[in-house]
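These notes are about the structure you will find just below.
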There are 6 protein chains.
Amino acid sequence: MPETGMNEAIRAKLLSVSTATLTTIMFKRGFRNCFIGGIFPLNAEHARMAGPAYTLRYIPSREDIDQIKVFEDRSHPQRRAIEECPPGHVMVIDSRKDRGAASAGDILIARLWKRGAAGIVTDGGFRDSADIAKLPFPAFHAGPSAPTNLVRHHAIDLNVPIGCGDVAVYPGDIVVSDMDGVVVIPRAIADQVAEEAVQQTLFETFVQERVMEGESIFGLYPPSPEAREKFEAWRQQRRASEGEK
Amino acid sequence: MPETGMNEAIRAKLLSVSTATLTTIMFKRGFRNCFIGGIFPLNAEHARMAGPAYTLRYIPSREDIDQIKVFEDRSHPQRRAIEECPPGHVMVIDSRKDRGAASAGDILIARLWKRGAAGIVTDGGFRDSADIAKLPFPAFHAGPSAPTNLVRHHAIDLNVPIGCGDVAVYPGDIVVSDMDGVVVIPRAIADQVAEEAVQQTLFETFVQERVMEGESIFGLYPPSPEAREKFEAWRQQRRASEGEK
Amino acid sequence: MPETGMNEAIRAKLLSVSTATLTTIMFKRGFRNCFIGGIFPLNAEHARMAGPAYTLRYIPSREDIDQIKVFEDRSHPQRRAIEECPPGHVMVIDSRKDRGAASAGDILIARLWKRGAAGIVTDGGFRDSADIAKLPFPAFHAGPSAPTNLVRHHAIDLNVPIGCGDVAVYPGDIVVSDMDGVVVIPRAIADQVAEEAVQQTLFETFVQERVMEGESIFGLYPPSPEAREKFEAWRQQRRASEGEK
Amino acid sequence: MPETGMNEAIRAKLLSVSTATLTTIMFKRGFRNCFIGGIFPLNAEHARMAGPAYTLRYIPSREDIDQIKVFEDRSHPQRRAIEECPPGHVMVIDSRKDRGAASAGDILIARLWKRGAAGIVTDGGFRDSADIAKLPFPAFHAGPSAPTNLVRHHAIDLNVPIGCGDVAVYPGDIVVSDMDGVVVIPRAIADQVAEEAVQQTLFETFVQERVMEGESIFGLYPPSPEAREKFEAWRQQRRASEGEK
Amino acid sequence: MPETGMNEAIRAKLLSVSTATLTTIMFKRGFRNCFIGGIFPLNAEHARMAGPAYTLRYIPSREDIDQIKVFEDRSHPQRRAIEECPPGHVMVIDSRKDRGAASAGDILIARLWKRGAAGIVTDGGFRDSADIAKLPFPAFHAGPSAPTNLVRHHAIDLNVPIGCGDVAVYPGDIVVSDMDGVVVIPRAIADQVAEEAVQQTLFETFVQERVMEGESIFGLYPPSPEAREKFEAWRQQRRASEGEK
Amino acid sequence: MPETGMNEAIRAKLLSVSTATLTTIMFKRGFRNCFIGGIFPLNAEHARMAGPAYTLRYIPSREDIDQIKVFEDRSHPQRRAIEECPPGHVMVIDSRKDRGAASAGDILIARLWKRGAAGIVTDGGFRDSADIAKLPFPAFHAGPSAPTNLVRHHAIDLNVPIGCGDVAVYPGDIVVSDMDGVVVIPRAIADQVAEEAVQQTLFETFVQERVMEGESIFGLYPPSPEAREKFEAWRQQRRASEGEK
């Protein structure tokens, strides 16, 4: 396993398919609850990421403990998370869907990007959202939140199983995003899901071309035997033309 | 009645006025609940539409019924809706304000656009939102939702009265949108509402010009007798200058 | 005190710092609830404002009282608010977080801008949102709402203490915004908060530069004694180079 | 006008009819939004009250102002409200539907009861709910809330128009309750509404008797001409038998 | 099939088991979403019912259509529903989880009870709740709501598939309740589910007895082979003693 | 420290005061967020408990992992929690405020009671609520929920810091309840808080007596110097009379 925690060929495949397609593949395998909705990327130009989950758990803050000086402690989990999240990983924060205070801000997220992380996800909100939006880095949240983290959150655990947006996230799960949101795939099946999604995407590309040419979806989506044949022909032609290049 | 289900002159009038103005006209007639809020167009360049409602009703899905194979059935209401919605009509989906799974995706919406529909509205969410946003087609939702339709929805009825975003929608009602959202007008009064809205819009254009020149809203909005006279003069001058062109 | 209700040097300082930094300074002074979240600027190019609060209080409308003709009365508080809000002030509306009808529309907001107000904030929604978005004027709301004001709101009071988005707003409080949202600072401490925020911003600029060069946040944010020294050197160099200009 | 602020015969009538009947009468007059729902009486044995509204307005608390010592000030509006609410009146509190801290507790409510108030209503919560439930006094809230008032609320105004549970309440409006919740009737029409409600209640008593004897609601509710005749006969017999007593 | 729409022996079995046990049996068969939560019985002494669903669908009301006189029409679906729901059936109303107006009131519910229905369920609220609570009749709602039905609802359909509390309800589905809420079982599997639930309940009765005698749940719940043997012995003894009676 | 985890004299004091009084004492020490609201006791006769927190953390369930057979594993955290929670402790469950499936049922709660626990709290719901309500055991939830735990929850951790109802709960924190809800007190200050609450309660008993005799709250609550004197006299008389017994 590379330091980045996943096979780069699989990562590339996952980056070439949509979360919509991935949730369909997951649904066929019995997974109905693997999509973190209600969050969006701060930088729409950088909405795509794929990588293993590295988690950070927050609990509600307490007035006597969560004073501004706590960040002076190097072992504070929020700061450790930023410096310890391995390259190629996606940091996923359980903020209990509470956007009342920031899950993180621009300095920490810039550092995370610099360290080579694949992206960051919270079911709460980030502060300094305009500055984060300028980074070429996938960052997903439920909306901006200026108040300092300690107003609502206390970082308590690194890399334990968490909930994020009502979805279970285990460390190492493969996290994939696009403009729709974020899908979480159990590590053990990520390769097969990626492969199946690539195939499904190829088919949907074919379908979309037909639809754009004015064809009905009846007999096309899902395909009749005849449409399957046409798809096969289209696929071979495509491969051939790609081979020519 | 044309195939598109409405008089094109009325459609043009409705496309020239705002939903804000339309809800004011509706309020004067006793309608307080005709605006579907909390939804927005995926493509801000294509936020305007006007057309008769063609409805699709969803109920919650059930695990034994709503398996992926259901879409192989040509009579499945979601697929029929896409192929049967008449040109010029707006498909309105009752998704019970549940954004937990997609109301539709890019292939179906592209097909609906190709078939000449005027637009599509759900009080849930669409998947493949980035691709839908590229279509020159008015599509309104409450936010993206990647999971496949069957995770939460079961298409059950075509073209029956529904609720969408807490508003009653009867087949044939005239549906109009802009960046604010979507207004639903009973068919029987749509012509009069359109006409009154055009008049009101003309007046508000006059007012906005005055305001931009630094005039107070007192005596202007609503107008004093004197302001009414000025408006009349402005209107005639405008007509005259339009006549010249 | 100038007509604009605040010292312009303080306003300039507040416009140079983020709401994130301001909420941190406020937190250090014991203020945990001074940020109005869940609202955003209609025109992202004009998200920054700072000025004293001028308030407008709405209560729920009542069918017999809130008929369209009420606006003919010059003493109607909504219309008076628009014409009486002093230059340089921020109009803050208590809409009870109810986005079911418009807090205001494009004509009133254009007039307010023309009159020199610094901005407008509601915890409800504005109508004609596309037109408001074209004004070079900071306007914050929770999302668009076409229905006419009277469907849900009745303007009752001018310039009394209100709640807006669960935050207390007293007339004269200093209101500051950016893309994250809106922070409310008690007038009596606004100068000190502004000064401290400027200092903190300078330090964070230094930190961000270090982070962009690849430095760890450990020992930097918050700073070790050594990092403090480096910051001092950086600050003096910066001053020197600014002096050169 | 008596000190209790209303005609006692009207009060008696209102106490003899249900809030359901009252909202129907109000609906016939065009009032759709006069019922405060989602609140309930702490003491189910004392769910009925009727009286003029005396209002108290809360805004969100602010950490520097709302310290425990504020209650030492006799002019603090919460304490004044308790001592100044006239006998026979219903205190209605605008708590912004925030149940995060108590609107009041058992001592203040006991004092209010002792002073002869007709009841108390909040769209937030009361503390010491078990003790309040033992008082023979109508008190309505959305659910218990132990935290001291100042955690969320700041009492700011006495006897101004407010919103309570999304309903407008003007001082002097007639407030009536039962187990369903609380209805607010504009003072000017309260007498007529009461009278009409008494008549409607008499009819519904007749209907309920018929239904209990097994009669169909068709032709009964609403009544056919024949059913109206039967009702008239029933009413006269009832009057006669009451006359005999 | 009897007029009551179900086998009375099955009904008796379902009335002898809990909704908790039924949802477990359903979960084993792949049903995760068959429980209508957030609703409760008005009369806690009459929380148990079992019977086939007879459905009523509401959409949002519209001001011009939904005037008080509509109830004079015998074919109004709400009134027809009350007179046509077959004996032994449970009326289930899709109120779109909107408690802003009454789904029904005491007169209609009394009539439904008189006609022999098994119960009534809404995901909205009933009015005259105190009077309904006195009927020996299972009626479930989300909380009381005094406003007349037409303020929010328009009855549109009888006995079509609906959603109630986010759960799919098809006419004829078997509906079972207790103090926890309401479970919906597809008709085709109701007999088997009932049988399996009776067996599971017997086992849980045995477990609860052991627990009350101080036994650990380890090895008991779920049972070890040894515990299974003990249960078998207990069951036979129970049968024997029942046989003696 | 006794096996029950706390000094029994402190427990007795805490059981003699209300959560309302405790939150006031906490507020004076700077704690604004220590009350778990929106939950209530299933058995109103057993609403009082006090004891150290023993925590159980749930994350969202995942379809492949959370199958019914998982409970056969003795090390399953939910089952271990029930058998390992020390006597005198309060089990507090982080259910992420999700009432969509049961946090626990009657068998587990009966076992917990038998083992001598002081009570159980969830911010979700319990199943078999009618049976739990018959146990002489404090159990707090947000409302009943029949679906089996695995539909929404996966037990992951024992006795780690958690959030429950937006409040931080650290193992060993002292948890106290009454009909209003549940307050969480940091262990280190529990003794002082208890003592101060007992004093405050004594004073409020005196105040309530005065109020019941018709006295004004002005000068009494909070007390004037004169009222303090009267209270002192009352306290000494009370002690004396208690001494006589």
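Since every read-out is calculated from the coordinates, none of them should be taken as a lab result. None of these values were measured; they are calculated from a predicted model. As a convention, Cβ positions derive from the backbone with ideal geometry for all residues, glycine included, and neighbour counts pool all protein chains shown.
A cut-off under 13 angstrom between Cβ atoms defines the neighbours of C:Ala81, and their net charge, with Lys, Arg +1 and Asp, Glu -1, is +2. Among E:Arg152, E:Arg29, E:Arg48, the largest mean-square fluctuation in a Gaussian network model of chain E (Cα springs under 10 Å) belongs to E:Arg29.
For segment D:189-216 versus segment F:177-245, the spacing of their alpha-carbon centroids is 50 Å. Listed by chain and number, the lysines placed with their C-alpha closer than 27 angstrom to that of F:Lys134 are D:Lys134, E:Lys13, E:Lys134, E:Lys230, F:Lys13, F:Lys97, F:Lys114; residues fewer than eight positions away on the same chain are left out.
Based on the Stokes-Einstein relation at 4 °C and a viscosity of 1.567 mPa s, and on the Kirkwood radius from alpha carbon pairs, chain E is assigned a translational diffusion coefficient of 67 µm²/s. Summarising the label geometry, the points placed 7 Å from Cα in the beta-carbon direction at C:Met212 and B:Arg74 lie 6.2 nm from one another. Normalise the Debye intensity by I(0) for segment F:63-172, one equal point scatterer per Cα, no solvent, then take log10 at q = 0.10, 0.15, 0.21 Å⁻¹ and round to two decimals. Values returned for q = 0.10, 0.15, 0.21 Å⁻¹ are -0.25, -0.59, -1.24.
Principal axis analysis of the Cα atoms in the protein assembly as shown yields extents of 89, 83, 79 Å, listed in decreasing size. Within the protein assembly as shown, DSSP assigns beta bridges of which about 65% are antiparallel (rounded to the nearest 5).
Qualifying GluC sites (Glu not before Pro) in segment A:123-224, where qualification requires a DSSP coil assignment and no more than 14 other C-beta atoms within 10 Å, comprise A:Glu213. With neighbour counts taken as other beta-carbon atoms within 10 Å, the residues B:Ser18, E:Ser61, C:Ser103, D:Ser16 rank, fewest first, as D:Ser16, E:Ser61, B:Ser18, C:Ser103. Using the Kirkwood radius built from alpha carbon pairs, what does the Stokes-Einstein equation give as D for segment C:19-127 at 25 °C and 0.890 mPa s, in µm² per second? Here the translational diffusion coefficient equals 159 µm²/s. Cβ crowding within 10 Å ranks E:Tyr54, F:Tyr170 as F:Tyr170, E:Tyr54, fewest other Cβ atoms first.
Sorted from greatest to least, the principal axis extents spanned by the alpha carbons of segment C:1-81 come out as 48, 30, 28 Å. Per-residue ellipticity at 222 nm, computed for chain A from helices alone with -39500 (n - 2.57) per DSSP H run of at least four residues, works out to -10500 deg cm²/dmol.
Neighbour counting of Cβ atoms within 10 Å sorts the residues F:Val17, D:Val70, fewest neighbours leading, into D:Val70, F:Val17. How much net charge surrounds A:Ala102 when only the other residues with a Cβ under 11 Å from the Cβ of A:Ala102 are counted, with Lys and Arg +1 and Asp and Glu -1? Overall, the nearby charge balance is -1. Where in chain F are the DSSP H helices whose alpha-carbon span along the long axis reaches 30 Å or more and whose Kyte-Doolittle mean is at least -0.5? Helix filter hits for chain F: F:190-212.
Overall form of segment D:72-120: oblate. Here a/c, set by the Cα gyration tensor axes a ≥ b ≥ c, is 1.5 or more, and a/b is not larger than b/c.
Taking the Cα atoms of segment C:103-245, the ratio Rg/Rh between the radius of gyration and the Kirkwood radius comes to 1.12. Each Lys and Arg adds +1 at its Cβ and each Asp and Glu adds -1 at its Cβ; summed about the Cα centre, chain D shows a dipole of about 240 debye. With a cut-off of 13 Å between beta carbons, the residues surrounding A:Glu204 carry a summed charge of -1, where Lys and Arg count +1 and Asp and Glu -1.
Our Cα-only numbers for segment F:190-245 put the radius of gyration and Dmax at 12.3, 35 Å. Segment C:1-27 and segment A:122-171 have Cα centres spaced 27 Å apart.
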